[in-house]
Amino acid sequence: MLTDKQKHLYLLFKEVDKICKENNIDYQLAGGTLIGAVRHRGFIPWDDDMDITMTRNNWEKFVEVCKTQLPDDRILECQELNHDFHNVIARYTDKTTSAVHSTQVIANDTAGDMIDIICYDYLPNDGKAWKKYTKDITLYSDLINPCIVYSYRFCANQFRYGFYRLKMRLFGRDKVLDKLEKRMFSYKEEDCPYLVLRWGGTPLLFRKEIFGESKNQVLFVDTMGQAPDFINDYLVEHYEDEWMFVPPATEQGGHNSIYSLDLDYEVIRNEINHFISPQEETKKFLRKKSVAMQIMAPWLLLKNLNILATGRAKSKHFTNYFESNRNLINEVYNNKDFARLDEIFSEFISLQFDKDYFGRDDYDNVYKYRHPIIISIPNDIADKVVYTLFNRNKISKAFRMITVYENKNKATEFMLNLKKDILSFREAVHNVSIGDYTTAHKQTYALVKHHPYSIGIIKLKIITLMKMGSNDNGQEIADLIEKGLKLYPNDGELMKYRLDLENTGDNEEELVPQYINAYHNTLNGLVHLEIEDILLRHLDCFDTPKKVKDAFEILRDNSILCEKFVDLTIQKGNAKDISSLLKFTKDNQELLGEYYAVYAEKICRSLAKDESTSSLMAKIRLCNDYAELDELKKEAESIKDEFWKSYLQGEIQYKKGNTQEAVSKYIHTSNTTDESLLTLLNKKFNAQLRFLKEQLAYAENLKHISVETGEEKPATTEQKEKVLWDFIGKWTAPFKTGEALTKALQNVGIIDKNTVISSLDYKSLENLLNKLNIPGNIEIISLKELDPLKNKVDGPLHNDKDLIEEGDFDE
């Protein structure tokens, strides 16, 4: 499901798409936006921006068209229209919204929600032209944007920057920038086989043939967007061979900005200007940038010398380690146990591919990517490392390592031969992507023969044969699948291919549970899409809560499954499962839409058999008005059952943000024998214990930030004790005694009758949490970050009576 920001970006994209189609302008979905289209049929789930690209000829046409055809409240900002704009990348912006990034705080650019439009310039087949362009575009970017040092990434323009700043003062900004533009953008399309990204961060170079006429169409949400002619080639060159795999959560990040769809960016900027002077801050940035330009060469030299010294020490360490384990390494290598070799080499691989040594072709690490450092190890071991990476389907890493060794004249004959096979592998992938399966089959046949243990090549061979027709190649495909599964028994892609081979169409529904299992054993987004399509064809086969939940974990946007899960769980009649629906429906409120209220009432009726009680419970659940809660509080007085009355009174206090009052009501309710109430309270008290554990962890890992210097250091014992004392005192206040806490937790089934909490001090609570093994997210925070937590425990922070600030604990 799209976030609100993604929905708005999609709206802007459809406007740009409409302008382009009406005026015969070609564009390409680019970067993460194209990955999202191919791998997710829309946005990457955590993405919060959108990039499209255009070749210079199309871009110039787009600029002209936008002078007269922009929708209301939209603006196109770019250097062609305004040299005071602080970015090389153009922006198509909604002027009624806010997306104020850090570099826009002191600028006068329109800081609304926007789409980035990046131009491709033309370059000849000449390495010098790219180097020259890189120096010019980084200088150009540095002259435009005072807040970022672009040239540092390439150790360029150390003296040119100051010289050009002087020229701008003497001859004017426009004249100097126009002259730079004329030099950079002078090559003609018909004379150039390359395109270069007009961006000072990383001016990436692409073969022009990849883009062709950009008439390729890919589904983006529910619009067919334009893409390069050879999508896979573009993504491999931009994101390497593994672009189709969903990255781990630690690598899923967005951009930092002050964002609002409802607030004009000028309101936010005016608020910020109460605290800073944009003019003064700009002067400070320019002074700092001038200094940075002068010292960047010696600074990078010192940094490199330090890394080289560390690298030599690491080289000695790894060489000694590999020499002492040479017999083991050779034995494992001869047994073709590349999974074991991957473990043996893992520490070396992790360090060698660290950004300090091999860098990355991205915004922050491009300098080291272009100036890599090798951690030297014996040549025969380096060959085995490269071949392990290759066989473990880490093709791009193997290629990168070989290329670095080759550029430094250290590549072995084995590496150079393997490089040829990697290029052949990529060519075969290209041929599969364009439907030339016959050529791909010949290439993969040779590759499998030379590298029978490469899982990437085995999978490519399987895909090629399947594209050619599984009826004619069924046995060969089956043999390859079994071979792959012997090497990697839990590989979800191979599981899926085996199921595809078994799938006759008539038996597909029977295979659905196995397809779900395969889905959870791969991170390949393309395989995920194929399995999702299979599940969508068989929604009727999910006829139990567990089956529906398993399917819904994959088809998270499917409202039919969402509703079906609620209905089937209610039908089953288990109080514990039904109570869990309160959180489930709340988490999926947007997906349920107008039915959310209907299902809230259904759930409440299933838990509270009395009609007036269930009706009030649903009203509280759905209430979003503070004054209305006061009316519901009066209505709660008429509930006949003492414990349901107490519970609902607690829910009202919880909705108001009065956590301590709510907990007091829950404690009284815990004396009930009503199964539904005890189940609800079990979740409430478990949530309280999780919150307690997290806050104790906060205090243990507390950091203190000096107001004067901004220095962050571990908090003192006294500071920790104060935080612990304050928090524990507030948390335990409703219980008053250890005996009361014991009784409440025993009543709701969290602890047994033999567990007694003798006191409410820190040690007793810590022992309780350890015994229960309560899960909790431990984060390191600062003292200043604890203030809102402390206030929130006290009660609502808001003054606006129409704002509902719920308590700290979810169900």
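The values are calculated or read from the model by the stated rules, or taken from the named source; none is laboratory data. All of these numbers come straight from a predicted model, not from anything done at the bench. Every residue, glycine as well, gets a Cβ built from its backbone with ideal geometry; the counts of neighbours run over all protein chains shown. Only protein heavy atoms, including side chains, enter the accessible area calculation; ligands, DNA and RNA are left aside. Shrake-Rupley method; radii C 1.70, N 1.55, O 1.52, S 1.80 Å.
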- [ ] Could you check Ala744 against (1) at pLDDT below 90; (2) assigned to a helix (DSSP H, G or I); (3) open to solvent by less than 30 Å² (accessible area, probe 1.4 Å) and say which number it fails?
- [x] (1)
Task: Check on Glu509, open to solvent by 50 Å² or more (accessible area, probe 1.4 Å), of a type in the set (Asp, Glu), at pLDDT 95 or above and over 31 Å from the mean Cα position of the chain (by Cα) - done: yes
- [ ] Return a yes/no flag: does region 453-463 have any residue that is open to solvent by less than 50 Å² (accessible area, probe 1.4 Å), touching a His at 6+ places or on another chain (Cβ under 7 Å), touching a residue at least 24 places away in the same chain (Cβ under 8 Å) and under 15 Å from Leu501 (Cα atoms).
- [x] no
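Condition check ((1) buried (at least 18 other Cβ atoms within 10 Å of the Cβ); (2) modelled with pLDDT under 95) across all residues:
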position	(1), (2)
Lys384	yes, no
Tyr387	yes, no
Thr403	no, no
Lys410	no, no
Glu413	no, no
Lys419	yes, no
Asn431	yes, no
Ile434	no, yes
Gln443	yes, no
- [ ] Return the pairs, sorted by first residue and then second, in which the second residue is at pLDDT 95 or above and buried (at least 18 other Cβ atoms within 10 Å of the Cβ), the first residue lies in region 406-421 and is closer than 16 Å to Phe390 by Cα and among the small types (Gly, Ala, Ser), the beta carbons are less than 7 Å apart, and the residues are 6+ apart or on different chains.
- [x] Ala411/Ile402; Ala411/Tyr405
Open item on the list: Considering only region 177-196, I want to know if a residue exists there that is closer than 24 Å to Asp49 by Cβ and out of contact with any Pro (no Cβ under 6 Å at 6 or more places or on another chain).
Closed with: yes
TODO: Answer yes or no: is there a residue in region 176-186 that is in contact with a strand residue (DSSP E or B) (Cβ under 8 Å, 6 or more places away or on another chain) and closer than 29 Å to Val16 by Cα.
DONE: yes
Open item on the list: Quick check on my filter: what residues within region 97-108 are out of contact with any strand residue (DSSP E or B) (no Cβ under 6 Å at 6 or more places or on another chain) and either within 22 Å of Phe62 (Cβ to Cβ) or not in a loop (DSSP other than H, G, I, E, B) (or both)?
Closed with: Thr97, Ser102, Thr103, Gln104
Open item on the list: Suppose we filter Gly172, Gly162, Gly112, Gly127 for residues that are on the phi > 0 side of the Ramachandran plot and either in contact with a helix residue (DSSP H, G or I) (Cβ under 6 Å, 6 or more places away or on another chain) or surrounded by fewer than 16 Cβ atoms within 10 Å (Cβ to Cβ) (or both); which single one remains?
Closed with: Gly172
Open item on the list: Being in a strand (DSSP E or B) and more than 20 Å from Asn431 (Cβ to Cβ) is the requirement here; does Leu195 meet it?
Closed with: yes
Open item on the list: If I filter region 55-66 for residues that are among the hydrophobic types (A, V, I, L, M, F, W, C) and in contact (Cβ under 8 Å) with a residue 60 or more places away in the chain, do I get at least one hit?
Closed with: yes
Task: Selected residue (criterion: nearest to Asp84 (Cα to Cα)) from residues of region 136-151 that are touching a Ser or Thr at 6+ places or on another chain (Cβ under 8 Å) and part of a loop (DSSP other than H, G, I, E, B) - done: Asn145
- [ ] Just give me the residues in region 198-234 being buried (at least 19 other Cβ atoms within 10 Å of the Cβ), among the hydrophobic types (A, V, I, L, M, F, W, C) and not in a strand (DSSP E or B), in sequence order.
- [x] Trp199, Ile210, Phe211, Phe230, Ile231
- [ ] Identify all residues within region 44-92 that are of a type in the set (D, E, K, R), loosely packed, with under 15 Cβ neighbours inside 10 Å and either within 30 Å of the chain's Cα centre (by Cα) or part of a loop (DSSP other than H, G, I, E, B) (or both); write none if there are none.
- [x] Asp72, Asp73, Asp84
